[in-house]
Amino acid sequence: MASRTEFPTVPALNAPVVAITGNAVATIKTIVSLVNPHSLNFAYLDPYNLETLNFEMIRTLSDLRYVDILVHVSQMDLQRNLDKYSSGDSAVFDAFIPGWRSAIKAGNAKATRQAILRYWSELVGRLGVWPSPEPKLITGPGNQPLYWLLLVAKHELALAFWKVAANKQRQGNLF
């Protein structure tokens, strides 16, 4: 259950600050119920692993009229735990990527991981928020894959911004 704590208004910004703690799925539902339905909204989802990136969070955020979501999808967790998560005993993928058992055909590990990310993106798109077609793989110092960074947006302009901002080679003209 999410809990809410009121903080004093931040004087310099005249911004009311509210801290909400609890289970991520419940917390996001609380947040969505509190925001102005006509406001521009930005959510940053930085889960520790795939188990904490419950698809219900994306579904709830997608109900907002104007929302962009920056998401970390843990490639490292997917790489390390693919066999464990895809076993019949695990419910991790069931929460992260509903319907995966009938949609993903097992192949080699690399192809299966790619299929999982592709299907997750497809599910997100069905909600009316579209994932950037250029997810960025963020790697560590030894070039080990850490996570995919994706922008999920309801408007194509946000995706155009993302395409420019995520271009490591050069940030060319937006238009």
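Over all projection directions, the Cα-based convex hull of the stretch 76-175 averages an area of 7.6 nm². Please compute the modelled spin-label separation between ASN167 and PHE42, points set 7 Å along Cα→Cβ, answer in nm with one decimal. Reported label-point gap for PHE42 and ASN167 is 2.0 nm.
Given Cβ point charges of +1 (Lys, Arg) and -1 (Asp, Glu) and nothing else, what value in debye, to the nearest 20, does the dipole of the stretch 27-175 about its Cα centre take? Walk me through the numbers on the way to the answer.
Details: 16 positive and 12 negative charges, 80 e Å.
Value, rounded to 20: 380 debye.
Per the Kirkwood definition applied to all pairs of different Cα atoms, how many angstroms is the hydrodynamic radius of the chain? For the chain, the Kirkwood estimate is 17.7 Å.
Note the full-extension length gain between ASP94 and ALA111 as 0.36 nm times their separation in residues minus their Cα-Cα distance, in nm to one decimal. All intermediate terms of the calculation are to be shown ahead of the outcome.
Numbers: separation 17, 0.36 × 17 = 6.12 nm, distance 1.90 nm.
Extra length available between ASP94 and ALA111 comes to 4.2 nm.
The local environment of LEU70, defined by Cβ-Cβ distances under 15 Å, has a net charge of 0 under the rule Lys, Arg +1 and Asp, Glu -1. The 1.4 Å probe gives accessible areas that order TYR85, TYR44, largest first, as TYR44, TYR85.
Suppose all protein chains stay in the model; what accessible area per residue would a 1.4 Å probe give for the chain, in Å²? Write out the running numbers ahead of the final one.
Numbers: 10690 Å² over 175 residues.
In whole numbers, the chain has 61 Å² accessible per residue.
Ranking ASN36, GLY88, TYR147 by how far each Cα lies toward the positive end of the dipole of the stretch 29-175 (charges on Cβ) leaves TYR147 at the top. Candidate cross-link partners of LYS29 among the aspartates and glutamates, defined by an alpha-carbon separation under 14 Å and a same-chain spacing of 8 or more, comprise GLU56, ASP63.
The values are calculated or read from the model by the stated rules, or taken from the named source; none is laboratory data. In this text the structure is predicted, and so the values were computed from the model without any measurement. Heads up, the Cβs are rebuilt from the backbone with ideal geometry, glycines too, and the neighbour counts pull from every protein chain shown. Remember, those area values only see protein heavy atoms, side chains included, never the ligands or the DNA or RNA. Shrake-Rupley method; radii C 1.70, N 1.55, O 1.52, S 1.80 Å.
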